[in-house]
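See below for the structure under consideration.
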Amino acid sequence: MRRIALASLVLAFTIGGASAADAQQTPGTRRPRAERPMRELRGNPGQALFRGVELSDRQKDQIKAIFEKHRPSPEEIAKLRERGRELRERAREQRRNGEPRDTAAMRQRREELAQRRGELLRRMRQERAELHREVRAVLTPEQQQQFDKNVAELQKRVRERLQERRSR
């Protein structure tokens, strides 16, 4: 269940964060790192979390194992993508058949989806918090301070991006 939640988070950030930023970039220009879409920052999944944190080889191995433990399987990601495709296709088919968009059944379905999305977001937050707790346990107190600062900065950037998207 945790892997599905994490896979959904990865998928949401990859798709949502990249599309809006890509649409505004003209060819040949390069935006500052903080403004680049998530897919450009993908490299090491926790790279931004460890900016300014010097890790020993042992810590790197331990942290890598933690990330591996929390990483969703390719099969789980494929299932989520297929489910999204099915939902989009069903909506397209309804539009092609001329079904009204605002029926009681559709409103109920939207409410159900919103509720499921809320539950999924709560589980993803819990999963992310657990991942951070496990990583912090590997770090020294000085490293924990920098890690916490990086986490706060990433959370701030995510909030700003969401706010930008809502204001459009």
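With the cut-off at 1.5 for a/c, could you classify the range 98-168 from its C-alpha gyration tensor as rounded, prolate or oblate? Oblate is the answer for the range 98-168, as a/c is 1.5 or above yet b/c matches or exceeds a/b.
Full extension of the chain between GLN47 and ASP61 yields a length gain of 3.6 nm, computed as 0.36 nm times the residue separation minus the alpha carbon distance. Length available on full extension from ALA91 to GLN145: 0.36 nm per residue minus the Cα-Cα distance, which gives 14.7 nm. Subtracting the Cα-Cα distance of GLU153 and GLN115 from their residue separation scaled by 0.36 nm leaves 10.8 nm. Taking label positions 7 Å along the Cα-Cβ direction at both ARG71 and ARG122, the computed distance is 3.0 nm, reported to one decimal. Distance between the modelled labels on GLU164 and LYS79, one decimal in nanometres: 3.4 nm (7 Å Cα→Cβ projection). Residue farthest toward the positive end of the dipole of the range 53-93, with Cβ of Lys/Arg at +1 and Asp/Glu at -1: which of ILE66, GLY84, SER56? The residue sitting most towards the positive pole is GLY84.
Each reported figure results from applying straightforward, stated rules to the coordinates on display, with no laboratory input. Because the structure is predicted, anything quoted here is derived from the model rather than measured. Note that each Cβ is placed from the backbone with ideal geometry, even for glycine, and that neighbours are counted across all protein chains shown.
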